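The values are calculated or read from the model by the stated rules, or taken from the named source; none is laboratory data. Since we're looking at a predicted model, the values are computed, not measured. In this analysis, Cβ positions are derived from the backbone assuming ideal geometry, glycine residues included, and neighbour counts consider all displayed protein chains.
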Amino acid sequence: MKKWLPIFGILYLTQALFPSVDSIAVDVASDSIKITHLYASRNCGSIFIFDVTVTDNYIRIFENDTSTAYMDCMCHFDLSVTLGLLPGGDYFVEVFGTSVIYPDDTTFCGSAHFTVPAPKFISHTSSGCQGKSIEQFSSDIQQDNIPLVSQSNSGCLQASQGESIMSIVFNGDLYLVWKSDTISSDYEPNWQAWLDSDTLYVTADDSNASWTSRCSKKFMATFGPLPSRKMILKFHKGEYGTQTIILGSTVEVNVDSNTMTLAWS
């Protein structure tokens, strides 16, 4: 029987080392918040999962003992959860305990108040202007300018429905026809075209500041030469129309009886 005495002594000393009252401690770090239930008295076979909810400035934690292997002893645990940093302000946390062995019992374990400091303004930086403003965009026209080959204007025509734009590509040149129903009868377009990557921009701003009446008119312009590739045509930056045009393509014509097939590559 003497060999059992040291064991009883160790058990007695171990239990005596644990405080009799548990508590809730909160550690607010720069990037996280750790909430710890210190010296939680639970069954030795306890296995915990945690349920945490945050509602405004209230935090509720459930320490759920999921073990069904109830043992004939009790011990103390330090149980903690770590949350991401919360917005600055004052918070209140409550901790509860549950057990699958006693599903109807919910134990209030403790609570604590803590404060998360508001973010501090440290410094600021501002880069220079990036990209192109409208003024810079207009000033770059000459860099990738597509020459105007010819232009012509109609007189006043019978009105049709709305604005329309038609483009034809032939021998590397772009033929553009613009029809407007409500435009100044004295409109004199200042045609310009420039290429930016795979987008061809065309504008026809009025160079005549005066006008006497409005009517329907047709304006024609030819630009060239253009590089051989697929590009997007945007007339007045796309306000009046956007089209896809392809230069340097080939068309293969096959005739079978009364059927003609065009293969465009």
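Before moving on, here are some points about what is shown:
- Complete set of residues in the range 140-152 that are modelled with pLDDT of 80 or more and either assigned to a loop (DSSP other than H, G, I, E, B) or surrounded by 13 or more Cβ atoms within 10 Å (Cβ to Cβ) (or both): N145, I146, P147, L148, V149, Q151
- Any pair with Cβ under 7 angstrom, 6 or more apart, that starts in the range 92-112 at a residue that is under 16 Å from T53 (Cα atoms) and ends at one that is of a type in the set (K, R) and at pLDDT 90 or above: E94/R60
- Candidates T125, T82, filtered to the one that is farther than 21 Å from I33 by Cβ and either in a loop (DSSP other than H, G, I, E, B) or in contact with a Ser or Thr (Cβ under 8 Å, 6 or more places away or on another chain) (or both): T125
- Positions within the range 32-76 being of a type in the set (G, A, S), part of a strand (DSSP E or B) and surrounded by 13 or more Cβ atoms within 10 Å (Cβ to Cβ), in sequence order: A40, S41
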